[in-house]
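The structure appears below as structure tokens.
Throughout, read-outs are computed from the coordinates displayed, never taken from laboratory work. Computed from a predicted model, the values in this text were never measured in an experiment. So basically every Cβ, Gly included, is an ideal-geometry build from the backbone, and we count neighbours across all protein chains shown.
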Amino acid sequence: MPPRATRKRHNSNITQKKRPIMFNIEPVQVRKWRGLKQQLMEAAPHILWLNNSTRPKYPELEGELNEWVKNLRKNLKVVTRSMIQMKAKALAKTE
């Protein structure tokens, strides 16, 4: 009987709690993915989301906000939640 192939772990000294931090994701998201592993493995490759979230109430406003945030980040500017809220209110008043 041939020897079993051993699976070499990348950086095995890193704990499971530190891995999400390395990839800048929340540990709760990793736990959720582990719970959905079978469903994720069976999903068709072209499916981007397993469940449909609610649609934006104001898609035009959200599109403008997305562009605004992308431009700020492209220019290496800080974007905070309060900035986004103020911009959304300003855009809503102009529409």
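Using all C-alpha to C-alpha distances in the stretch 54-95, build P(r) with 10 Å bins and read off the rounded percent in each one.
For the stretch 54-95, the binned pair fractions read 28, 56, 16, 0 percent.
What does the net charge come to around MET41 if you take all other residues with beta carbon closer than 15 Å to its beta carbon, with K and R at +1 and D and E at -1?
Values: positive: LYS32, ARG34, LYS37; negative: GLU42.
Local charge sum for MET41: +2.
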